[in-house]
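Colleague: I'd like to ask you about the structure that follows.
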Amino acid sequence: MRTGNRALALGVALLGALAARAEARDLGARIESALDHLLYQLDQSPTPRAIPPAGPQGATADISRLDDPVRLEQQLRQLLRTPVAQLHLTVPNGQARLGDFSVGSNESLTGNLLILRGDADLFGRVTGNVVALDGDIVLHGGALVSGDALAIGGRIRHRGGVVAGEQRSLGAAPVAAAARPGFATGAATKLAGLAGVLLTLTLLGFGLVLFARPNLETVSDTVSHSVFRSFVTGLLAQVLAVPTFGMMITGLVLSVVGVLLVPFVLIVFPLVVVTAIVGGFLAVLHAMGETHTRRRMASGVMVGSANSYRYLLVGLGGLGLVWLGWIVFGWVPVAGTLILLAAIVATWLLATVGFGAALLSRAGIKPAFAGRYVPPEALTDEYLWATPQFGVTAVKRPEGGKAPRPRG
């Protein structure tokens, strides 16, 4: 585990350095953008009310003619810079409203209607033009607009209403874009997701070791001794899973008694497939961890207790390092994409091998491909007699094939 720990420490150090640099550069910009966005949102939620008309020399918005909507938009947005409490506007042959406004189904509004920063929900009749700034004009069933309809920074939504004149929509007004998450925020989110996945797999793996250790070890040995066979089996199973499921459901539907089993199969079959994939994937990680641990033990490294829990943790650490490489270097334009594709392909390969091993071993019940049995022709005298291990002298083979005499 020392190699994994050094790689993990290096990745964390690099992540911290890049995060500090990105945060220092983007801190001021993000604070300014957040404040602007907050002020905009507060300003975009006015209390609905009628805008009182201005005096003889006050502001006027003539919406009787809508042939120049760009100039009208500029005029209205210039007007909206005035504080709400001091906002006065005269609409010739009409009225102005701030915020959402509704015309009931039994109501008839005479003249033009101007809505600022709100939606115009029309159920009744409006005899003039309707203009909405930073809002939608919603034409409900029974609504009738005798003049034109213009939505600036919004849409005209038809829900059964009618506009007798011309309809135009200038699209949504540009809003200050929300600040993009910095490198540290994105990396922290990805790290949290990776930690959650690894923790879930760890809990599932420990549960398998605790309650189904022989089955897990059989599937793991199948992976170690029949890798290619397991991959081919898993690949074919992925291709045939959906057709098999469809044929099974069709066969049950065509039979009288089988119809009753359709709900059961709809639940059990996907559950069995998912269980085989997850269990096989954990068995592959177990095999990886066991192989790595035994190689270190063979080289003379003291690794402590060698058990299935340790094997799973080592395998999960190797998987985590693969995805950690994408988290650290994912911001690189081309290399980040290649690393992501490599991590996805590697994970898929491991899952495919594990799925095939689970099927070959019948979920750990059939150890035919686990390499645990020695063929009878290999059981020679040389194999049966002990060999020297750890300094213990082997028993000498008796001459002539006879058993040694017991010492008196």
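Colleague: So how many residues does segment 105-155 have that are modelled with pLDDT under 90, under 23 Å from Leu76 (Cα atoms) and among the polar types (S, T, N, Q)?
Modeller: 0
Colleague: If you go through segment 115-127, how many residues are open to solvent by less than 10 Å² (accessible area, probe 1.4 Å) and more than 37 Å from the chain's Cα centre (by Cα)?
Modeller: Going through segment 115-127 one residue at a time, the tally reaches 6.
Colleague: Name the pairs whose Cβ atoms lie under 9 Å apart, with the first residue in segment 289-311 and more than 24 Å from Gly207 (Cβ to Cβ), the second open to solvent by less than 40 Å² (accessible area, probe 1.4 Å) and among the hydrophobic types (A, V, I, L, M, F, W, C), and 6 or more positions between them or separate chains?
Modeller: Arg296/Val303; Met297/Val303
Colleague: Mind listing just one residue for me: the one in segment 255-269 that is out of contact with any helix residue (DSSP H, G or I) (no Cβ under 8 Å at 6 or more places or on another chain) and in a helix (DSSP H, G or I) and, of those, least open to solvent (accessible area, probe 1.4 Å)?
Modeller: The first filter runs over segment 255-269 and keeps only residues out of contact with any helix residue (DSSP H, G or I) (no Cβ under 8 Å at 6 or more places or on another chain), leaving 255-257, 260, 263-264, 267-268.
Of the ones still in play, those that are also in a helix (DSSP H, G or I) are 260, 263-264, 267-268.
Values: Leu260: 136, Pro263: 76, Phe264: 127, Ile267: 118, Val268: 48 Å².
Filtering first and then ranking leaves Val268.
Colleague: What number goes with the only condition from (1) part of a helix (DSSP H, G or I); (2) under 25 Å from Thr222 (Cα atoms); (3) out of contact with any His (no Cβ under 6 Å at 6 or more places or on another chain); (4) not charged (D, E, K, R) that Leu252 does not pass?
Modeller: Going through the list (1) part of a helix (DSSP H, G or I); (2) under 25 Å from Thr222 (Cα atoms); (3) out of contact with any His (no Cβ under 6 Å at 6 or more places or on another chain); (4) not charged (D, E, K, R), Leu252 breaks only (2).
The values are calculated or read from the model by the stated rules, or taken from the named source; none is laboratory data. All values reported here derive from a predicted model rather than from experimental measurement. Positions of Cβ are generated from backbone atoms using ideal geometry, with glycine treated the same way; all protein chains shown enter the neighbour counts. The protein model used for the area step is the full one, side chains on, heavy atoms only, and it has no ligands, DNA or RNA in it. Shrake-Rupley method; radii C 1.70, N 1.55, O 1.52, S 1.80 Å.
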